[in-house]
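Please read the structure below before turning to the comments.
Readers should treat all values here as calculations from the given coordinates under stated rules, not as data from a laboratory. All figures in this text were calculated on a predicted structure; none of them were measured in a lab.
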């Protein structure tokens, strides 16, 4: 796994955390939840290839 991918995930996490804090302070809790779910979806999309590699490695290890 590249360090670039780790930095991108950390960057998305920090941006989402800041936006959620701001939205929470101004009373927009439902928007804060939507932003956090959207951040999780973005990270999962970024990690799709790595998750696929993990499953193929597990198949090879266990002979499935």
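Table for the structure above
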| quantity | calculated |
| --- | --- |
| Value at 222 nm in deg cm²/dmol, rounded to 500, when DSSP H runs of n ≥ 4 in the chain each add -39,500 (n - 2.57) | -30000 deg cm²/dmol |
| Angle between the chain longest axis and helix 48-62 axis [Cα atoms, degrees, rounded to 10] | 30 |
| Tilt relative to the chain, helix 29-46 - C-alpha long axis, 0 to 90 degrees, to 10 | 20 |
| The chain - Rg (one decimal) and Dmax (whole number), Cα, Å | 16.0, 53 |
| Nearest-ten-degree value, helix 3-25 long axis tilted from longest Cα axis of the chain | 30 |
| Sequence-separation-based contact order of the range 3-62, relative, with Cα cut under 8 Å and 6+ spacing, percent | 32 |
